[in-house]
1. Say the dipole of segment 40-106 comes from +1 at the beta carbon of Lys and Arg and -1 at that of Asp and Glu; which of Thr88, Gly58, Ala101 then lies farthest toward its positive end?
2. Across the Cα atoms of segment 40-106, what radius of gyration and what greatest pairwise Cα-Cα distance (Dmax) are found, in Å?
3. Please give the net charge around Glu40, taking every other residue with its beta carbon less than 14 angstrom from that of Glu40, where Lys and Arg add +1 and Asp and Glu add -1.
4. Go through Lys36/Lys94; Lys22/Lys60; Lys36/Lys66; Lys64/Lys94; Lys41/Lys105 and tell me which ones have a Cα-Cα distance over 20 Å in this structure.
Amino acid sequence: MAKRGGFPGGMGMPGNMNNLMKQAQKMQKQMEENQKALEEKEFTAAAGGGAVEVTVSGKKEVTKVKLAEEVVDPDDVEMLEDLIMAATNEALRKMEAETQAVMSKLTGGLGGGFPF
């Protein structure tokens with residue numbers, strides 16, 4: 001007479017589920033540690049041949065703006081604004097790229113997550 005319900009192998013499933021949960025918890029801890037490390041890093045980018053330099057943190061906060069004296073022209077504020085914006089956006093792109101690379105490496109390219 002066949003068993004009703006359950007999975008083949010009897011108690012094998014709860015053990016596998018337990019291992020899966022342990023792996024998920026380990027991955028969660030590693031992700032938290034990597035996130036903290038990324039938040040403490042700084043990313044710098046320049047625009048205008050180095051005339052404007054912007055540094056952002058892994059928390060997406062601008063931490064430093066450095067301007068070359070010659071770029072501060074009261075008659076051309078718009079150019080300075082554009083250079084600051086370009087440098088800031090590039091620094092943020094660098095931070096995002098590193099974040100993606102670290103998380104992708106950690107998850108082994110799981111991408112969409114778990115299949116359930």
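1. Looking along the dipole axis, the top candidate is Ala101.
2. Both quantities, over Cα of segment 40-106: 13.4, 49 Å.
3. Within the 14 Å Cβ shell, the charges total -2.
4. Too far apart for the 20 Å limit: Lys22/Lys60; Lys36/Lys66.
Every number here is computed from the coordinates shown, using simple stated rules; none is lab data. Source: prediction; values computed, not measured. A quick note on method: Cβ atoms are made from the backbone with ideal geometry, for glycine too, and the neighbour counts reach across all protein chains shown.
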